[in-house]
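Accompanying notes for the structure given below.
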Amino acid sequence: MTDAETGNGNGEFALIDRLLKPLAANTPAALGLTDDAAVLSPTPGKDLILAKDAMVAGVHFLEDDAPEDVARKLLRVNLSDLAAMGAAPVGYLVASFWPEKLPSNWIEGFAAGLEKDQNEFGIGLLGGDTVRTPGPLSLSLTAVGEVTAGQALRRNGAAEGDLIVVSGTIGNGALGLLALKGALVGLDEDLQKKLIDRYHLPQPRLALGKLLTGKATACIDISDGPLADIGHICDESRLGAEIEWERMPLSDAARAALDGDARLRETVLTGGDDYELAFTLPLAKKDLLDKLSGEVGIPLTVIGKMTAGEGVRVFREDGTEITLQTRGWQHF
């Protein structure tokens, strides 16, 4: 880690010694953060999986979000990418672009959030960089994982007739963001809090991803919305998809929000930030779902099927197609 001071009275290396080196203490590959890079020795018979995501204040998180929550979400969204490949996490690198006037207790809270989650997921810091910036606050994290050689889940293996399955419940992340912005007027405060909690702290489905290797034909995590992300499977597999709206699994909080405003259906389908897994499975393997669900302790729901053609279409129970204004989050 090189080249910056935080501008808040703590020099870069003092900050590294006090806040970041403890995060790497139980990660031998990090070399105590004393060198310019980590040294990983890949396990024989394993492939290394690398995933990177960035978050910018005012774009990916709100200015007043707690630093602990920001850190944990940053780590978790990257672990979710590993889960989508069927990989087990090994460690992570983080680059932090601290605004000059960022208070030191924000940085301390950020480090505490990383510590909490790296303990939960059994990983450690491998290295990274800290730099000073006029703003905005920006963060980038690279997660490193491993999977049995040749078994990484991809987006391009789906076949016509495969079932489309999602884990957990859908729509909580996008609805949680609306709740934070005060846009779910009339929804019970306790239900709003549940949605907000899911927005702040997604649950990377690492155990499920590992179990899907050798079984699922394609897999992706739902970050940009189920339609957009299932659309990526369609594009890479050169197929289309049909989704049945009534099959979409909703939490009690999400269902209550939709009962109050049916227009939120589009938010559920296109809003993103769920970080559940969407995967395809041959019809002949449908009986595996109950067993897999029991092993990971989360529901797995068939919401549609892969078809000939292209693009994702959504249908009501009576067979009529639902027209949507958008297909999901677009970065550009």
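The values are calculated or read from the model by the stated rules, or taken from the named source; none is laboratory data. Everything numeric in this text was worked out from a predicted model, so none of it was measured. Backbone-built Cβ (ideal geometry, glycine too); neighbour counts: all protein chains shown. The accessibility values were calculated without ligands, DNA or RNA, using every heavy atom of the protein model including side chains. Shrake-Rupley method; radii C 1.70, N 1.55, O 1.52, S 1.80 Å.
Report in % the part of the accessible area of the range 10-114 that belongs to carbon and sulfur, leaving out ligands and nucleic acids; probe 1.4 Å. Walk me through the numbers on the way to the answer.
Values: 2730 of 4760 Å².
C and S atoms contribute 57 percent here.
Please give the per residue volume of the convex hull enclosing the alpha carbon atoms of the chain, rounded to a whole number of Å³.
Details: hull volume 46.2 nm³, N = 332.
Given the Cα convex hull of the chain, per-residue volume reads 139 Å³.
What's the FRET efficiency of N105 with D261 using the Cβ-Cβ distance as r and R₀ = 35 Å, to the nearest 0.05? Provide the component values of the computation, followed by the final result.
On the way: r = 38 Å, r/R0 = 1.10.
With R0 = 35 Å, the Cβ-Cβ based efficiency is 0.35.
If Lys and Arg each add +1 and Asp and Glu each add -1, what is the summed charge of the other residues whose beta carbon sits under 14 Å from the beta carbon of G58? All intermediate terms of the calculation are to be shown ahead of the outcome.
Details: positive: K181; negative: E63, D64, D65.
My count for the surroundings of G58 gives -2.
Can you list residues whose amide H is under 5 Å from V90's amide H, if they're 5+ apart or on another chain and H is modeled 1.01 Å from N?
V144, G145, E146
Would you mind checking the range 66-81 for residues with the amide N under 18 Å from a putative spin-label position 7 Å along Cα→C-beta of V56?
Counting only backbone N, you get 74.
If I take R0 = 35 Å and measure r between the Cβ atoms of D47 and K291 in this structure, what FRET efficiency does the formula 1/(1 + (r/R0)^6) give, to the nearest 0.05? Intermediate results must be reported in sequence, preceding the final value.
Numbers: r = 26 Å, r/R0 = 0.74.
Here the calculated transfer efficiency is 0.85.
Would you mind estimating how fast the range 221-332 diffuses translationally, via Stokes-Einstein at 4 °C and 1.567 mPa s with the Kirkwood radius over Cα pairs, in µm²/s?
Numbers: Rh = 14.9 Å.
Diffusion coefficient, whole number: 87 µm²/s.
Tell me, what is the percent relative contact order of the range 31-134, built from C-alpha pairs under 8 Å that lie six or more residues apart? Numbers along the way, then the final one.
Numbers: 97 pairs, mean separation 35.9, N = 104.
Reported as a whole number, the value is 35 percent.
How much accessible area per residue does the range 215-324 have, in Å², with a 1.4 Å probe? Mind dumping the intermediate values first?
Numbers: 4940 Å² over 110 residues.
That works out to 45 Å² for each residue.
Show me the ranking of peptides 313-322, 78-87 by mean Cβ neighbours inside 10 Å, starting with the highest. Numbers along the way, then the final one.
Working: 313-322: 11.6, 78-87: 27.5.
Top of the packing list down: 78-87, 313-322.
Please give the charge dipole size of the chain, origin at the Cα centre, charges +1 on K and R Cβ atoms and -1 on D and E Cβ atoms. Round to the nearest 20 debye. Kindly include the intermediate steps, with their values, before the conclusion.
Details: 31 positive and 49 negative charges, 126 e Å.
The dipole magnitude comes to about 600 debye.
R0 = 45 Å: FRET efficiency of Q325 with L31, Cβ-based, nearest 0.05?
Between Q325 and L31 the formula returns 0.30.
Under 14 Å from the Cβ of V90, count the other residues' Cβ atoms, weight Lys and Arg +1, Asp and Glu -1, and hand me the total. It would help to have the intermediate numbers written out before the result.
Numbers: positive: K46, K210; negative: D47, D81, E146.
Residues near V90 contribute -1 overall.
Rounded if a/c is under 1.5, else prolate if a/b beats b/c, else oblate: with a ≥ b ≥ c from the C-alpha gyration tensor eigenvalues square-rooted, which is the range 104-242?
Judged from the Cα gyration tensor, the range 104-242 comes out oblate (a/c at least 1.5, b/c at or above a/b).
Output the direction-averaged projected area (hull surface divided by four) of the convex hull of the alpha-carbon atoms of the range 60-136, in nm².
5.2 nm²
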